[in-house]
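Visitor: Can you keep this structure in mind? I'll have questions shortly.
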């Protein structure tokens, strides 16, 4: 078993769910210990499990880390990252709030960590959507590895290692798929389905990144950058989300036994990779037809005419396990 010390950059819901998960985890491949934590207000080195529990309690009460034993707080993010190798940290797990407008400040933090030789696992789509090539170069420069499965909704199948991918299609956002399932299986209106998703913690209080298609756009773009060398920008993605107007498309689908899914697509057109997001009607012979609730699925079409699929589920334990799996990959490959 590998024993690995990790640092958490971002200690909100995802970071704390990950800390809780590894405390319960029984994974024979790896043992994980949190040695440092940071949020946007500052960072702390963690002496032992008791100190971590006190920090978790502090954050759960809604207070920033800068208010926790202020004399110990490292206020500068670069200084925090620079001190991680001395603390024995091998992997930085990043889950700061996503900034889809430019990817900062996480993009610079991840670049600095990778150049310092620290492996990075991130669930933050902003840095990847805006700086994928730069992060890959930083990883190469520092001899480190970058794990980003948590930014794409599904894992990239190992079967694609020696394949040239020419098209990606995916139902990649669990929130919108949950809403569409409620509308189509239970006859709920968009407003009712959204409210139910929020009540169950599936949707955020502000669901715009999901229902307006931004989340699917970013995930599809990152997959296209990783597998198709896409040079498209996020603001170039053709994007249509879901809303009250989706009711009409659902009615059309009912007449022909088809279902509406919000589908991200990357394809080669006129010599360039184009990325788009839109609600699509899918028939019962489509792999997306049976993708219900917060489930996700992507289909990768290769130049050799193969179609390879990858599925995933949403939820706190699911994303925590995704982070663990990425940690295993970056330290063993």
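The values are calculated or read from the model by the stated rules, or taken from the named source; none is laboratory data. Being a predicted model, the structure only gives us computed values, none of them experimental. Ideal geometry is used to build each Cβ from the backbone, glycine not excepted, and the neighbour counts take in all protein chains shown.
Visitor: For residue 141, state whether it is touching a helix residue (DSSP H, G or I) at 6+ places or on another chain (Cβ under 6 Å), at pLDDT 95 or above and outside the structural domain of residue 302 (by TED's automatic domain parsing). Before you say what the answer is, go through the steps one by one.
Guide: Details: touching a helix residue (DSSP H, G or I) at 6+ places or on another chain (Cβ under 6 Å): yes; at pLDDT 95 or above: yes; outside the structural domain of residue 302 (by TED's automatic domain parsing): yes.
Here the answer is yes, as residue 141 does meet what is asked.
Visitor: Does at least one position in the range 194-217 carry a residue that is touching a strand residue (DSSP E or B) at 6+ places or on another chain (Cβ under 6 Å), at positive phi and crowded, with 19+ Cβ neighbours inside 10 Å?
Guide: Going residue by residue through the range 194-217, those that are touching a strand residue (DSSP E or B) at 6+ places or on another chain (Cβ under 6 Å) are 213, 216-217.
Okay, now just the ones that are also at positive phi, so 213.
So of that shortlist, the ones also crowded, with 19+ Cβ neighbours inside 10 Å come out as 213.
Within the range 194-217, one or more residues are touching a strand residue (DSSP E or B) at 6+ places or on another chain (Cβ under 6 Å), at positive phi and crowded, with 19+ Cβ neighbours inside 10 Å.
Visitor: Next question. Across the range 84-104, what is the number of residues that are surrounded by fewer than 16 Cβ atoms within 10 Å (Cβ to Cβ) and more than 21 Å from residue 2 (Cα to Cα)? Break it down into steps so the answer makes sense when it comes.
Guide: Step one: list which residues in the range 84-104 are surrounded by fewer than 16 Cβ atoms within 10 Å (Cβ to Cβ), which gives 85-88, 97, 101-102, 104.
Add one more test, that the residue is more than 21 Å from residue 2 (Cα to Cα), and what stays is 97, 101-102, 104.
So the count comes out to 4.
Visitor: Something else: Being touching a helix residue (DSSP H, G or I) at 6+ places or on another chain (Cβ under 7 Å) and either buried (at least 24 other Cβ atoms within 10 Å of the Cβ) or in contact (Cβ under 8 Å) with a residue 40 or more places away in the chain (or both) is the filter here; which residues of the range 227-241 pass it?
Guide: The initial filter retains those residues of the range 227-241 that are touching a helix residue (DSSP H, G or I) at 6+ places or on another chain (Cβ under 7 Å), namely 227, 230, 232, 234, 237, 239, 241.
Within the range 227-241, 227, 230, 232, 234, 237, 241 qualify.
Visitor: Can you tell me how many residues within the range 242-267 are more than 16 Å from residue 208 (Cα to Cα) and in contact with a strand residue (DSSP E or B) (Cβ under 9 Å, 6 or more places away or on another chain)? Give the steps one after another, and end with the answer.
Guide: Initial filter on the range 242-267 (more than 16 Å from residue 208 (Cα to Cα)): 247-261, 263-267.
Now restrict to residues that are in contact with a strand residue (DSSP E or B) (Cβ under 9 Å, 6 or more places away or on another chain): 249-250, 252-253, 256, 258-261, 263-267.
Looking only at that region, the number is 14.
Visitor: Restricting attention to the range 154-211, which residues are free of Cβ contacts under 8 Å to residues at least 40 places away in the same chain, under 19 Å from the mean Cα position of the chain (by Cα) and not in a helix (DSSP H, G or I)?
Guide: Once the filter is applied, which keeps residues that are free of Cβ contacts under 8 Å to residues at least 40 places away in the same chain, under 19 Å from the mean Cα position of the chain (by Cα) and not in a helix (DSSP H, G or I), the range 154-211 yields 201, 203, 204, 205, 206, 207.
Visitor: Would you confirm whether or not the range 264-273 contains a residue that is surrounded by 20 or more Cβ atoms within 10 Å (Cβ to Cβ) and modelled with pLDDT under 95?
Guide: no
Visitor: Shifting gears a bit: Where the second residue is assigned to a loop (DSSP other than H, G, I, E, B) and the first is crowded, with 19+ Cβ neighbours inside 10 Å and lies in the range 1-13, which pairs have Cβ atoms under 7 Å and are six or more apart or on separate chains?
Guide: Pairs found: 4/90; 6/89; 7/84; 7/89; 9/96; 10/95; 10/96.
Visitor: I'm trying to understand the selection: among the residues of the range 219-233, which are under 12 Å from the mean Cα position of the chain (by Cα) and in a loop (DSSP other than H, G, I, E, B)?
Guide: Hits for the range 219-233: nothing passes.
Visitor: Let me ask something else about it. Give me a count of the residues in the range 18-39 that are surrounded by fewer than 18 Cβ atoms within 10 Å (Cβ to Cβ), at pLDDT 90 or above and under 24 Å from residue 201 (Cβ atoms). Break it down into steps so the answer makes sense when it comes.
Guide: In the first step, residues of the range 18-39 are kept if they are surrounded by fewer than 18 Cβ atoms within 10 Å (Cβ to Cβ); the result is 20, 23-31, 33.
Then drop every residue that is not at pLDDT 90 or above, which leaves 20, 31, 33.
Next, only the ones that are under 24 Å from residue 201 (Cβ atoms) stay: 20.
Of the residues in that region, 1 qualify.
Visitor: From 80, 132, 148, 68, which residue is in contact (Cβ under 8 Å) with a residue 40 or more places away in the chain, over 21 Å from residue 222 (Cα atoms) and surrounded by 15 or more Cβ atoms within 10 Å (Cβ to Cβ)? I'd like the intermediate steps shown before the answer.
Guide: Values: 132 fails: over 21 Å from residue 222 (Cα atoms); 148 fails: over 21 Å from residue 222 (Cα atoms); 68 fails: in contact (Cβ under 8 Å) with a residue 40 or more places away in the chain.
Of 80, 132, 148, 68, the one residue that is in contact (Cβ under 8 Å) with a residue 40 or more places away in the chain, over 21 Å from residue 222 (Cα atoms) and surrounded by 15 or more Cβ atoms within 10 Å (Cβ to Cβ) is 80.
Visitor: Can you work out which of the residues in the range 303-321 that are under 18 Å from residue 264 (Cβ atoms) and buried (at least 17 other Cβ atoms within 10 Å of the Cβ) is modelled with the highest pLDDT?
Guide: This residue is 310.
Visitor: Quick one: would you say residue 246 is in contact (Cβ under 8 Å) with a residue 24 or more places away in the chain, closer than 20 Å to residue 312 by Cα and crowded, with 19+ Cβ neighbours inside 10 Å? Show your work before the answer.
Guide: Values: in contact (Cβ under 8 Å) with a residue 24 or more places away in the chain: yes; closer than 20 Å to residue 312 by Cα: no; crowded, with 19+ Cβ neighbours inside 10 Å: yes.
In short, no.
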